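**Q** Once you've had a glance at the structure underneath, I'll fire off some questions.
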Amino acid sequence: MDTKTIESFRNLRTPFYYYDMNLLDTTLRAASAAAARHGYELHYALKANPNPRVVRAVAARGIGADCVSGNEIRRAIRCGVPPRQIVYAGVGKTDREIAIALREDILCFNCESLPELRVIGSVARRTGRVARVALRVNPNVDAHTHRYITTGTEENKFGFPVADLPEAIAACRETPNVRLVGLHFHVGSQITDLAPFRDLCDRVNELQQSLGTTSLPYVNVGGGLGIDYREPDTHPLPDFEAYFDTFATRLRLHPGQRLHFELGRSLVGQCGTLVARALYVKEGAAKNFAIIDAGMNDLLRPALYQAVHPIENLTSAEPPRPYDVVGPVCESADRFAADVLLPAVRRGDLIAIRACGAYGESMASRYNLRPLVRTRFSDDPPRHASEAARQ
Ligand code: LLP
């Protein structure tokens with residue numbers, strides 16, 4: 001981070017998420033260009049970061065949305081995503097949310113079970129609409145990622161088991177006001193080795209062959225492309241080319257079929273940094289603790305998935321010392337790193353936790369009645385010191 005940016009943080013109240021809007025746009029352009037080369041359709045998974053400024057930047061690049069709630073659908077539309085570029089997944093869609101999606105005439109429901117299909121059909125009938133539906137298939141591909149973010153194995157709650165598909169397809173065809181348009185898959189998240197995506201292609205090919213899905217125009221292979229959490233400055237952009245090439249070389253689409261993707265983390269992960277202040281440095285019996293004013297309620301990933309985010313001391317050039325970087329929340333899991341080497345930390349230093357653009361702000365809570373974390377954007381107008389102090 002450049003000195004001017006760090007200077008601009010000095011008088012701001014912490015903690016806050018800082019978004020590098022140039023990097024976001026560069027990433028969006030790279031992903032769009034790589035997808036366009038193959039004629040692929042992109043949908044941004046809002047769950048990664050539904051901040052309106054982020055979603056508007058996504059919409060401005062012509063990227064659609066992948067939503068998982070009625071509120072996400074509304075947010076996407078309000079931020080400029082055309083409803084016909086919105087897809088809607090989730091195992092627990094409520095009747096109200098289904099009605100919102102129908103009223104907005106979104107592109108497609110990614111349907112996860114027979115009971116859900118029946119409810120979609122009945123809400124559509126009641127409201128005089130036709131629901132375009134894709135069946136979410138659980139392809140039983142192990143993404144070899146953290147078990148909490150693996151979604152495509154038979155033990156997960158998501159989608160139809162392959163064996164139930166013929167019955168589900170028949171049910172779609174028999175349900176009035178439902179039009180079956182395609183198949184949907186998603187195997188997991190933070191996948192950095194392309195092998196699970198190759199496995200997914202093989203499963204899709206087998207399925208399409210066995211089911212005779214020639215008439216279904218929509219194939220959606222979900223998201224999951226990972227980012228480099230260890231060296232965000234070396235790899236600020238994921239390798240979108242290699243990712244899409246994997247599908248281009250391995251997946252056999254029928255004529256007239258369009259391939260859709262739902263990328264979340266890979267589009268927004270690297271543009272976000274959580275900026276906090278050191279409150280206290282505490283010399284424990286076995287450890288040095290750098291206690292900062294951000295907690296697990298602001299960034300849950302380290303506590304929930306043992307995720308490792310690079311941490312930097314932005315305002316010290318002292319020789320490095322080892323610290324456990326911890327927050328103020330009353331839980332031992334409220335720890336961002338163990339034994340990390342940082343330039344000696346003093347009270348008031350600005351501490352940056354990097355690569356937090358995805359599943360950072362979106363998973364924040366008010367645990368311990370802490371205020372909901374603030375945000376700051378690289379293209380915000382500069383603030384005067386007096387104004388910053390008042391915020
Ligand atoms: N499509 C579906 C159906 C999904 O469930 C997800 C993510 C995505 C797309 C986007 O996946 P991405 O491209 O972002 O990997 N909170 C966890 C990640 C949970 C992912 C949930 N589903 C984390 O912080 O790592």
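The values are calculated or read from the model by the stated rules, or taken from the named source; none is laboratory data. Values in this document were obtained by computation on a predicted structure and should not be read as measured data. Glycine gets a Cβ as well: all are built from the backbone with ideal geometry, and neighbour counts include every protein chain shown. With ligands, DNA and RNA removed, areas are computed over all heavy atoms of the protein, side chains included. Shrake-Rupley method; radii C 1.70, N 1.55, O 1.52, S 1.80 Å.
**Q** First check a/c for segment 34-90, with a ≥ b ≥ c the square roots of the eigenvalues of its C-alpha gyration tensor; if it is under 1.5, answer rounded, and if not, answer prolate when a/b is larger than b/c or oblate otherwise. Intermediate results must be reported in sequence, preceding the final value.
**A** Details: a/c = 1.86, a/b = 1.43, b/c = 1.30.
Because a/c hits 1.5 or more and a/b exceeds b/c, segment 34-90 counts as prolate.
**Q** Add +1 for every Lys or Arg and -1 for every Asp or Glu among the other residues with Cβ under 13 Å from the Cβ of Leu135, and state the total.
**A** Numbers: positive: Arg132, Arg136, Arg173, Arg179; negative: Glu112, Glu116, Asp164, Glu167.
Around Leu135, the charge tally is 0.
**Q** Just want to confirm a number: the relative contact order over segment 37-263, from Cα pairs under 8 angstrom separated by 6+ residues, in percent.
**A** Rounded, it is 19 percent for segment 37-263.
**Q** Apply the Karplus parameterisation 6.51 cos²θ - 1.76 cosθ + 1.60, with θ equal to phi minus 60°, to every residue of segment 282-299 and state each ³J(HN,Hα) to the nearest whole Hz, in sequence, with x for glycine and proline.
**A** 10, 8, x, 5, 10, 9, 9, 9, 9, 9, 10, 8, 9, x, 4, 6, 8, 9
**Q** Give the peptides 191-202, 97-108 in descending order of average Cβ contacts within 10 Å, highest first. Write out the running numbers ahead of the final one.
**A** Numbers: 191-202: 18.1, 97-108: 19.9.
Packing order, densest peptide first, comes out as 97-108, 191-202.
**Q** Hey, what do the phi angles of segment 88-104 turn into as Karplus ³J(HN,Hα) couplings, whole Hz, using 6.51/-1.76/1.60 and θ = phi - 60°, x for Gly and Pro?
**A** 9, 10, x, 7, x, 5, 7, 4, 4, 5, 4, 5, 4, 4, 5, 4, 7
**Q** Mind checking the dipole of the chain: about its Cα centre, +1 per Lys or Arg Cβ, -1 per Asp or Glu Cβ, Debye to the nearest 20?
**A** Numbers: 48 positive and 44 negative charges, 272 e Å.
Here the chain has a charge dipole of around 1300 debye.
**Q** Right, something else. Kindly provide the trypsin sites (Lys or Arg not before Pro) of segment 215-285 that DSSP labels as loop, not H, G, I, E or B, and whose Cβ sees at most 13 other Cβ atoms within 10 Å.
**A** Listed in order of number, the matching sites are Arg230, Arg252.
**Q** Name the long-range amide H neighbours of Tyr229: under 5 Å, sequence gap of 5 or more, or other chain; modelled H, no Pro or chain starts.
**A** The answer is none.
**Q** Ok, one more. Compute the long axis of helix 114-127 from its Cα atoms, compare it with the longest principal axis of the Cα atoms of the chain, and write down the angle in degrees, 0 to 90, nearest 10.
**A** Roughly 80 degrees between the two axes.
**Q** Further question: Among Tyr367, Ile353, Gln306, flag the residue with its Cα farthest along the positive direction of the charge dipole of segment 288-391, charges on Cβ as +1 for Lys/Arg and -1 for Asp/Glu.
**A** Positive-most Cα among the choices belongs to Tyr367.
**Q** Based on DSSP, what percent of beta bridges with both residues in the chain are antiparallel, to the nearest 5?
**A** Of the beta bridges lying entirely in the chain, close to 40 percent run antiparallel.
**Q** Quick one: angle between helix 165-174 and the longest Cα principal axis of the chain, in degrees between 0 and 90, rounded to 10, please.
**A** Compared with the principal axis, the helix lies near 70 degrees.
**Q** What is the magnitude of the charge dipole of segment 61-189 about its Cα centre, with +1 placed on the Cβ of each Lys and Arg, -1 on the Cβ of each Asp and Glu, and no other charges, expressed in debye to the nearest 20? Kindly include the intermediate steps, with their values, before the conclusion.
**A** Numbers: 18 positive and 14 negative charges, 140 e Å.
It works out to roughly 680 debye.
**Q** If you don't mind, there's one more thing I want to ask. Antiparallel DSSP bridges in segment 146-288: what percent, to the nearest 5?
**A** Values: 2 of 9 bridges.
Here the antiparallel bridges make up roughly 20 percent for segment 146-288.
**Q** Rounded to the nearest 500, what is the chain's calculated 222 nm mean residue ellipticity when only DSSP H runs of at least 4 contribute -39500 (n - 2.57) each, over all residues? Don't jump to the answer; show the numbers that get you there.
**A** Values: 12 runs with 118 residues, N = 391.
Here the helix-only value at 222 nm equals -9000 deg cm²/dmol.
**Q** A follow-up question, please. Leaving out ligands and nucleic acids, and using a 1.4 Å probe, what accessible area per residue does the chain come to in Å²? Numbers along the way, then the final one.
**A** Values: 17250 Å² over 391 residues.
Spelled out: the 1.4 Å probe surface of the chain, per residue, equals 44 Å².
**Q** Give, rounded to the nearest 20 debye, the magnitude of the charge dipole that segment 37-263 has about its Cα centre when Lys and Arg contribute +1 at Cβ and Asp and Glu contribute -1 at Cβ. Can you show the working numbers first?
**A** Numbers: 28 positive and 26 negative charges, 237 e Å.
Its charge dipole is roughly 1140 debye.
**Q** Count charges around Val123 for me, please; just the other residues with Cβ under 11 Å from its Cβ, Lys/Arg as +1, Asp/Glu as -1. Write out the running numbers ahead of the final one.
**A** Details: positive: Lys93, Arg96, Arg103, Arg118, Arg125, Arg126, Arg129; negative: Asp95, Glu97, Glu116.
That sum, taken over residues with Cβ under 11 Å, equals +4.
**Q** Of the heavy-atom accessible surface of segment 1-48 (probe 1.4 angstrom), what whole percent is carbon and sulfur?
**A** 47
**Q** Related question: Expressed as a rounded percentage, what relative contact order does segment 269-391 have, with Cα pairs under 8 Å and six or more residues apart?
**A** Values: 250 pairs, mean separation 40.6, N = 123.
Worked out over segment 269-391, it gives 33 percent.
**Q** Determine the distance separating the Cα centre of segment 51-113 from the Cα centre of segment 194-244; give it in Å without decimals.
**A** Taking the Cα centre of segment 194-244 as reference, the centre of segment 51-113 is 21 Å away.
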